[in-house]
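Structure, as structure tokens:
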Amino acid sequence: MQIDIQARNFTLTNAIQSHVNRRLSFALGSRDEHIQLIRVRLSDINGPRGGEDKSCRIQVVLPKLSIVIIEDVETDLYTAIDRAVDRASKNVDRRINRHRDNRRSLNNSQTQLFT
């Protein structure tokens, strides 16, 4: 699973990068064969003014399926990362299961045509 992490308006520390990698590996590692690329964009929207402005945007590229894009904004960057990863994981599961169910349905209908 290829993960691309970039930060805007703040310095990307090793701790933040490690946290993102660990959370993504845990949440999406079992679906590695379905995932081509994960892009993570972290940003501090308001800069030093503070407020609810830490953004985590995750884009998961699933070959032959649509791209999953999730964004979460919180006052704490780690909370934004955790929530975005959780939502991305659920969405990826949903897309993969939907694709699998559609393929099964198609195979069953084709089998019925030949019997």
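The values are calculated or read from the model by the stated rules, or taken from the named source; none is laboratory data. As the structure is a computational prediction, the values presented were derived from the model and not from experiment. Glycine also receives a Cβ, built like all others from the backbone with ideal geometry; neighbour counts cover every protein chain displayed. Protein only, heavy atoms only, side chains kept; ligands, DNA and RNA dropped before computing areas. Shrake-Rupley method; radii C 1.70, N 1.55, O 1.52, S 1.80 Å.
Some observations on this one:
- Matching residues in region 57-95 - criterion: being more than 18 Å from Ile3 (Cβ to Cβ) and β-branched (Val, Ile, Thr): Val73, Thr75, Thr79
- Taking each residue of region 4-31 that is open to solvent by 60 Å² or more (accessible area, probe 1.4 Å) and looking for partners that are of a type in the set (Val, Ile, Thr) with beta-carbon atoms closer than 8 Å, six or more apart or interchain, yields Gln6/Val40; Asn9/Ile45; Gln17/Ile5.
- Search result, residues across region 65-86 that are within 17 Å of Leu12 (Cβ to Cβ), open to solvent by 40 Å² or more (accessible area, probe 1.4 Å) and either among the aromatic types (Phe, Trp, Tyr) or in contact with a strand residue (DSSP E or B) (Cβ under 6 Å, 6 or more places away or on another chain) (or both): Tyr78
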